[in-house]
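Here's the structure we're looking at; comments come further down.
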Amino acid sequence: MQFGRYYEEFEVGAVYRHWPGKTVTEYDDHLFCLLTMNHHPLHMDAHYAESASQFKRNVVVGNYIYSLLLGMSVPDVSGKAIANLEIESLRHVAPTFHGDTIYGETTVLDKRESASKPDRGVVAVETRGYNQDGTLVCVFRRKVMVPKREYAAAAVPDGVDPERPSFPEPR
């Protein structure tokens with residue numbers, strides 16, 4: 001199984017569909033809110049959401065959806081990344097609710113070799129998240145620094161495959 005890509009493997013215009021999707025539970029949403037200290041009642045208080053919000057139910061906190069999509073994209077986009085350089089934009093386009101299933105896809109927008117280091121390049125991508133009905137819920141653009149294949153291969157010690165690290169023998 002491939003985990004990430006080298007610079008040469010990215011092609012402008014390529015679309016990577018991330019699989020599997022993730023059904024968002026109330027527990028997921030509440031745990032994320034509590035871990036990040038976001039106690040807004042729209043996310044945490046069902047009575048408040050029902051009586052004081054336009055949606056009449058809890059809305060999943062947007063940063064959880066962003067984080068979920070970012071994580072979904074790692075095996076296809078940034079699994080070999082040297083660094084995530086920038087989040088250029090982030091838009092929450094439609095609300096997500098408990099029980100929605102999120103699917104993601106990423107398009108390669110641009111790529112350029114590093115001006116200062118010949119062993120790497122920068123890839124610009126846009127990731128879009130959709131719910132089970134195909135409604136766009138979140139979209140963000142980012143830039144990722146990734147190694148070139150030839151330099152990564154030269155940096156590997158003899159006999160060690162970075163794609164399949166060895167593990168200690170069981171005792």
**Asked** Expressed as a whole percentage, what fraction of the accessible surface of the range 1-92 belongs to carbon and sulfur atoms when a 1.4 Å probe is rolled over the protein heavy atoms?
**Response** 56
**Message:** About the Cα centre, and with charges only on the beta carbon of Lys, Arg (+1) and Asp, Glu (-1), how big is the dipole of the range 58-143? Nearest 20 debye, please.
**Reply:** 300
**Shape of the range 102-154, Cα gyration tensor, a/c cut at 1.5** = prolate
**Fill in**
One finds, for E50 and D28 with R0 = 25 angstrom and r their Cβ-Cβ distance, a FRET efficiency to the nearest 0.05 of 0.80
**Message:** Over the chain, with a Gaussian network built from C-alpha contacts below 10 Å, which listed residue (D133, D100, D29) shows the highest mean-square fluctuation?
**Reply:** D133
**Asked** To the nearest 10 degrees, how steeply does helix 62-73 sit against the main Cα axis of the chain, on a 0 to 90 scale?
**Response** 30
**Structure-derived log10 I(q)/I(0) by the Debye sum over Cα atoms at q = 0.10, 0.12, 0.13, 0.14 Å⁻¹ - corresponding label in [x] -0.34, -0.49, -0.58, -0.67; [y] -0.41, -0.59, -0.68, -0.78; [z] -0.49, -0.65, -0.73, -0.81** = [z]
**Most mobile listed residue (K148, K80, K56) in the chain, GNM with C-alpha springs under 10 Å** = K56
**Cα gyration tensor category, rounded, prolate or oblate, for the range 1-92 with a/c compared to 1.5** = prolate
**Request:** Might you tell me the accessible area per residue for the chain, computed with a 1.4 Å probe and given in Å²?
**Result:** 60
**Fill in**
Once L109 and E86 are pulled to full extension, the length gained, defined as 0.36 nm per residue separation minus their Cα-Cα distance, is 6.9 nm
**Request:** Treating the angle as unsigned and between 0 and 90°, give the value, to the nearest 10°, between the Cα long axis of helix 26-35 and the longest Cα principal axis of the chain.
**Result:** 70
**Item:** Environment charge of V77, counting only residues whose C-beta is closer than 10 Å and scoring Lys/Arg +1, Asp/Glu -1
**Value:** +2
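The values are calculated or read from the model by the stated rules, or taken from the named source; none is laboratory data. Given the structure is predicted, the values throughout are model-derived calculations rather than measurements. Neighbour counts run over all protein chains shown; Cβ positions are idealised from the backbone, glycine included. The accessibility values were calculated without ligands, DNA or RNA, using every heavy atom of the protein model including side chains. Shrake-Rupley method; radii C 1.70, N 1.55, O 1.52, S 1.80 Å.
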